[in-house]
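The block underneath contains the structure these notes are about, expressed in C-alpha coordinates.
The values are calculated or read from the model by the stated rules, or taken from the named source; none is laboratory data. Because the structure is predicted, anything quoted here is derived from the model rather than measured. Positions of Cβ are backbone-derived with ideal geometry, glycine not excepted, and every protein chain shown enters the neighbour counts. Note: areas computed on protein heavy atoms with side chains; ligands, DNA, RNA excluded. Shrake-Rupley method; radii C 1.70, N 1.55, O 1.52, S 1.80 Å.
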Amino acid sequence: MAVAKLKKNGFLRLLVDGHVHVHPEYDEEAFLTNAVQNLSRHGDGLPTLLLAEAAGSNVFSKWRDGGAPWEVEHTDEQEALFLGSRILVIAGRQIVTAERVEVLALLTDRSFADGLPLSETLEVVTAAKALAVLPWGVGKWLGPRGRMVSDAVVSHDVFIGDNAGRPVGWATPSLFKRRPVLPGTDPLRPRTQESMVGTYGFEVCCEWDYRYPARALGTALRALEHSPVAFGRRVGPIGFVRQQVGLRIQ
(Lines give C-alpha, C1' and ligand atoms only; values in the text may rest on other atoms or scores of the structure.)
Protein backbone atom coordinates (compact mmCIF):
# COMPACT_ATOMS: atom_id res chain seq x y z
CA MET A 1 0.00 0.00 0.00
CA ALA A 2 1.59 3.28 -1.13
CA VAL A 3 0.88 5.39 1.93
CA ALA A 4 4.37 6.75 2.60
CA LYS A 5 3.64 10.01 0.80
CA LEU A 6 0.61 10.55 3.05
CA LYS A 7 2.55 10.15 6.30
CA LYS A 8 3.88 13.08 8.26
CA ASN A 9 6.21 12.58 11.22
CA GLY A 10 5.06 8.97 11.51
CA PHE A 11 1.37 9.87 11.59
CA LEU A 12 -1.21 9.17 8.90
CA ARG A 13 -4.46 11.02 8.20
CA LEU A 14 -7.38 8.66 7.72
CA LEU A 15 -10.59 9.66 5.95
CA VAL A 16 -13.16 7.47 7.64
CA ASP A 17 -16.75 6.51 6.93
CA GLY A 18 -17.68 5.30 10.39
CA HIS A 19 -20.91 3.39 9.62
CA VAL A 20 -20.92 1.21 6.52
CA HIS A 21 -23.26 -1.52 5.29
CA VAL A 22 -22.68 -3.47 2.08
CA HIS A 23 -26.17 -4.65 1.20
CA PRO A 24 -26.79 -7.64 -1.11
CA GLU A 25 -28.45 -5.33 -3.65
CA TYR A 26 -25.20 -3.43 -4.22
CA ASP A 27 -22.65 -3.86 -7.00
CA GLU A 28 -19.61 -4.29 -4.77
CA GLU A 29 -17.07 -2.97 -7.27
CA ALA A 30 -19.16 0.15 -7.90
CA PHE A 31 -19.62 0.52 -4.15
CA LEU A 32 -15.87 0.48 -3.51
CA THR A 33 -15.19 2.85 -6.40
CA ASN A 34 -17.73 5.30 -4.99
CA ALA A 35 -16.18 4.98 -1.53
CA VAL A 36 -12.69 5.87 -2.75
CA GLN A 37 -13.90 8.75 -4.92
CA ASN A 38 -16.16 10.26 -2.25
CA LEU A 39 -13.64 10.01 0.57
CA SER A 40 -10.76 11.28 -1.56
CA ARG A 41 -12.64 14.51 -2.23
CA HIS A 42 -11.75 15.59 1.29
CA GLY A 43 -8.03 15.88 0.74
CA ASP A 44 -4.98 13.71 1.21
CA GLY A 45 -5.54 10.73 3.46
CA LEU A 46 -6.20 7.03 3.45
CA PRO A 47 -9.84 6.17 2.54
CA THR A 48 -11.16 3.94 5.32
CA LEU A 49 -14.43 2.05 5.79
CA LEU A 50 -15.66 0.83 9.17
CA LEU A 51 -18.12 -1.95 8.42
CA ALA A 52 -21.15 -2.54 10.63
CA GLU A 53 -22.57 -5.81 9.33
CA ALA A 54 -25.92 -7.06 10.58
CA ALA A 55 -26.62 -10.65 11.56
CA GLY A 56 -26.38 -12.93 8.54
CA SER A 57 -24.14 -10.58 6.57
CA ASN A 58 -20.51 -11.65 6.12
CA VAL A 59 -19.14 -9.49 3.34
CA PHE A 60 -15.87 -8.82 5.16
CA SER A 61 -15.18 -12.54 5.59
CA LYS A 62 -15.92 -13.10 1.91
CA TRP A 63 -13.54 -10.32 0.89
CA ARG A 64 -10.84 -11.52 3.28
CA ASP A 65 -11.10 -15.04 1.84
CA GLY A 66 -10.53 -13.86 -1.72
CA GLY A 67 -14.07 -13.03 -2.84
CA ALA A 68 -13.49 -9.28 -3.17
CA PRO A 69 -13.88 -7.39 -6.45
CA TRP A 70 -10.41 -5.89 -5.96
CA GLU A 71 -7.09 -7.41 -5.03
CA VAL A 72 -6.80 -8.13 -1.30
CA GLU A 73 -3.78 -7.16 0.79
CA HIS A 74 -3.91 -8.83 4.18
CA THR A 75 -2.53 -7.33 7.38
CA ASP A 76 -1.44 -9.02 10.59
CA GLU A 77 -4.98 -8.43 11.90
CA GLN A 78 -7.93 -10.65 11.04
CA GLU A 79 -10.22 -7.60 11.18
CA ALA A 80 -8.37 -5.35 8.71
CA LEU A 81 -7.42 -5.53 5.05
CA PHE A 82 -6.60 -3.31 2.09
CA LEU A 83 -8.43 -3.57 -1.24
CA GLY A 84 -6.91 -2.64 -4.56
CA SER A 85 -4.10 -0.77 -2.81
CA ARG A 86 -6.64 2.02 -2.49
CA ILE A 87 -8.77 1.61 0.61
CA LEU A 88 -8.59 0.25 4.15
CA VAL A 89 -11.56 -1.86 5.27
CA ILE A 90 -12.06 -2.83 8.92
CA ALA A 91 -14.64 -5.34 10.09
CA GLY A 92 -17.42 -4.60 12.56
CA ARG A 93 -20.95 -5.62 13.46
CA GLN A 94 -24.37 -4.02 14.00
CA ILE A 95 -26.31 -5.49 16.92
CA VAL A 96 -29.99 -5.07 17.77
CA THR A 97 -30.73 -5.27 21.48
CA ALA A 98 -33.81 -6.61 23.24
CA GLU A 99 -35.13 -3.03 23.43
CA ARG A 100 -34.64 -2.56 19.64
CA VAL A 101 -31.72 -0.20 20.19
CA GLU A 102 -28.86 -0.46 17.70
CA VAL A 103 -25.28 -0.89 18.87
CA LEU A 104 -22.21 -0.91 16.62
CA ALA A 105 -19.22 -3.04 17.54
CA LEU A 106 -16.43 -1.59 15.39
CA LEU A 107 -12.84 -2.67 14.74
CA THR A 108 -13.58 -6.36 15.30
CA ASP A 109 -14.28 -9.50 13.28
CA ARG A 110 -16.18 -11.13 16.14
CA SER A 111 -19.89 -11.87 15.96
CA PHE A 112 -22.36 -10.84 18.65
CA ALA A 113 -25.84 -12.09 19.50
CA ASP A 114 -28.89 -9.94 18.86
CA GLY A 115 -31.60 -9.73 21.48
CA LEU A 116 -29.61 -9.14 24.66
CA PRO A 117 -30.45 -6.16 26.91
CA LEU A 118 -28.66 -2.93 25.98
CA SER A 119 -26.47 -2.82 29.06
CA GLU A 120 -25.38 -6.44 28.62
CA THR A 121 -24.70 -5.91 24.93
CA LEU A 122 -22.40 -2.97 25.66
CA GLU A 123 -20.58 -5.00 28.30
CA VAL A 124 -20.04 -7.87 25.86
CA VAL A 125 -18.79 -5.53 23.13
CA THR A 126 -16.41 -3.77 25.50
CA ALA A 127 -15.12 -7.08 26.88
CA ALA A 128 -14.30 -8.12 23.30
CA LYS A 129 -12.14 -4.97 23.01
CA ALA A 130 -14.32 -3.68 20.18
CA LEU A 131 -15.29 -0.02 19.87
CA ALA A 132 -18.87 0.39 21.12
CA VAL A 133 -20.97 3.01 19.32
CA LEU A 134 -24.59 4.04 19.86
CA PRO A 135 -25.73 5.33 16.44
CA TRP A 136 -28.46 7.89 15.97
CA GLY A 137 -31.59 6.54 14.28
CA VAL A 138 -34.98 7.93 13.27
CA GLY A 139 -37.25 7.70 16.31
CA LYS A 140 -34.88 5.38 18.16
CA TRP A 141 -33.71 7.93 20.72
CA LEU A 142 -37.18 9.00 21.82
CA GLY A 143 -39.33 8.06 24.79
CA PRO A 144 -38.30 5.14 27.02
CA ARG A 145 -35.63 4.01 24.55
CA GLY A 146 -34.17 7.49 24.49
CA ARG A 147 -33.89 7.52 28.28
CA MET A 148 -32.26 4.09 28.15
CA VAL A 149 -29.70 5.28 25.60
CA SER A 150 -28.98 8.36 27.70
CA ASP A 151 -28.40 6.19 30.78
CA ALA A 152 -26.09 3.92 28.77
CA VAL A 153 -23.97 6.88 27.69
CA VAL A 154 -23.46 7.79 31.34
CA SER A 155 -22.70 4.29 32.59
CA HIS A 156 -20.70 2.73 29.74
CA ASP A 157 -17.61 3.51 27.69
CA VAL A 158 -19.27 4.28 24.36
CA PHE A 159 -19.07 6.60 21.39
CA ILE A 160 -22.01 8.29 19.69
CA GLY A 161 -22.69 7.70 16.00
CA ASP A 162 -24.08 10.29 13.60
CA ASN A 163 -25.16 9.38 10.08
CA ALA A 164 -25.94 10.97 6.76
CA GLY A 165 -29.63 10.13 7.14
CA ARG A 166 -30.11 12.66 9.96
CA PRO A 167 -31.74 15.54 8.09
CA VAL A 168 -30.07 18.92 7.83
CA GLY A 169 -32.00 21.39 9.97
CA TRP A 170 -33.01 18.94 12.67
CA ALA A 171 -31.92 19.84 16.18
CA THR A 172 -28.61 18.34 17.25
CA PRO A 173 -29.29 15.60 19.82
CA SER A 174 -28.14 16.56 23.32
CA LEU A 175 -26.19 13.31 23.61
CA PHE A 176 -23.81 14.61 20.94
CA LYS A 177 -22.38 16.87 23.63
CA ARG A 178 -21.71 13.99 26.02
CA ARG A 179 -19.30 11.77 24.07
CA PRO A 180 -17.18 11.94 20.89
CA VAL A 181 -19.32 11.59 17.78
CA LEU A 182 -18.18 9.36 14.89
CA PRO A 183 -20.04 10.22 11.66
CA GLY A 184 -20.75 7.76 8.86
CA THR A 185 -23.15 7.33 5.98
CA ASP A 186 -25.18 4.31 7.19
CA PRO A 187 -26.29 3.54 3.60
CA LEU A 188 -29.76 2.06 3.24
CA ARG A 189 -30.75 -1.06 1.32
CA PRO A 190 -32.04 0.43 -2.00
CA ARG A 191 -29.47 0.11 -4.80
CA THR A 192 -29.40 3.88 -5.27
CA GLN A 193 -27.69 4.14 -1.86
CA GLU A 194 -24.49 2.42 -3.01
CA SER A 195 -23.24 5.79 -4.27
CA MET A 196 -23.66 7.34 -0.79
CA VAL A 197 -20.75 5.56 0.90
CA GLY A 198 -17.99 7.97 1.88
CA THR A 199 -20.09 11.12 1.51
CA TYR A 200 -20.18 11.68 5.29
CA GLY A 201 -17.50 10.80 7.79
CA PHE A 202 -14.59 12.08 9.85
CA GLU A 203 -10.86 12.52 9.75
CA VAL A 204 -8.37 11.36 12.33
CA CYS A 205 -4.58 11.21 12.50
CA CYS A 206 -3.00 8.15 14.03
CA GLU A 207 0.47 6.84 14.64
CA TRP A 208 0.59 4.52 11.68
CA ASP A 209 1.32 0.81 11.70
CA TYR A 210 0.69 -0.85 8.35
CA ARG A 211 0.61 -4.32 9.93
CA TYR A 212 -1.91 -3.34 12.62
CA PRO A 213 -4.10 -0.57 11.17
CA ALA A 214 -7.21 -1.38 13.26
CA ARG A 215 -5.19 -1.18 16.46
CA ALA A 216 -3.60 2.10 15.34
CA LEU A 217 -7.00 3.62 14.56
CA GLY A 218 -8.54 2.29 17.78
CA THR A 219 -5.76 3.82 19.85
CA ALA A 220 -6.29 7.21 18.21
CA LEU A 221 -10.06 7.11 18.67
CA ARG A 222 -9.93 6.03 22.31
CA ALA A 223 -7.61 8.94 23.02
CA LEU A 224 -10.14 11.49 21.71
CA GLU A 225 -11.45 14.02 24.20
CA HIS A 226 -13.70 15.73 21.64
CA SER A 227 -15.44 14.73 18.44
CA PRO A 228 -13.15 14.41 15.43
CA VAL A 229 -13.51 16.80 12.49
CA ALA A 230 -16.48 15.74 10.35
CA PHE A 231 -16.65 16.13 6.59
CA GLY A 232 -19.26 15.74 3.89
CA ARG A 233 -22.98 16.24 3.98
CA ARG A 234 -26.19 14.91 5.46
CA VAL A 235 -29.46 14.49 3.64
CA GLY A 236 -31.88 17.41 3.24
CA PRO A 237 -35.51 17.21 4.41
CA ILE A 238 -36.87 16.30 0.96
CA GLY A 239 -34.16 13.71 0.42
CA PHE A 240 -34.94 12.28 3.85
CA VAL A 241 -38.60 11.78 2.92
CA ARG A 242 -37.63 10.18 -0.40
CA GLN A 243 -35.25 7.81 1.38
CA GLN A 244 -37.83 6.71 3.90
CA VAL A 245 -40.53 6.21 1.27
CA GLY A 246 -38.15 4.31 -1.00
CA LEU A 247 -37.04 2.09 1.87
CA ARG A 248 -40.60 1.19 2.80
CA ILE A 249 -41.61 0.53 -0.82
CA GLN A 250 -38.68 -1.82 -1.24
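Below are the figures for this structure:
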{"read-out": "Calculated on alpha-carbon atoms, Rg and Dmax of segment 168-208 in Å", "value": "13.7, 37"}
{"read-out": "Expected 222 nm ellipticity per residue - DSSP helices of 4 or more, -39500 (n - 2.57), all of the chain, to 500", "value": "-7500 deg cm²/dmol"}
{"read-out": "About the Cα centre, charge dipole magnitude for the chain (Lys/Arg +1, Asp/Glu -1 at Cβ), debye", "value": "800"}
{"read-out": "Computed FRET value (nearest 0.05) for ALA128 with ALA30, which takes r as the C-beta separation and R₀ as 35 Å", "value": "0.60"}
{"read-out": "Percent accessible area from carbon and sulfur atoms, segment 59-153, protein chains only, probe 1.4 Å", "value": "47"}
{"read-out": "Two-site FRET efficiency, TYR210 against ARG178, from Cβ-Cβ distance with R₀ of 30 Å, rounded to 0.05", "value": "0.30"}
{"read-out": "16 Å reach of a label modelled at ALA54, 7 Å along Cα-to-Cβ, counting backbone N of segment 136-154", "value": "136-140"}
{"read-out": "10 Å Cβ shell holding at most 13 others, DSSP loop, trypsin sites (Lys or Arg not before Pro): longest site-free stretch of the chain", "value": "42-99"}
{"read-out": "Anisotropy class of the chain from Cα gyration tensor, a/c 1.5 cut", "value": "rounded"}
{"read-out": "Cβ-based net charge around GLY161, under 9 Å, with every Lys or Arg adding one and every Asp or Glu removing one", "value": "-3"}
{"read-out": "Per residue value of the accessible surface for segment 93-196 (all protein chains in place, 1.4 Å probe), Å²", "value": "44"}
{"read-out": "Potential extension, ASP44-SER111 segment - 0.36 nm per residue separation minus Cα distance", "value": "20.8 nm"}
{"read-out": "Beta bridges per DSSP with both ends in the chain, % antiparallel, nearest 5", "value": "65"}
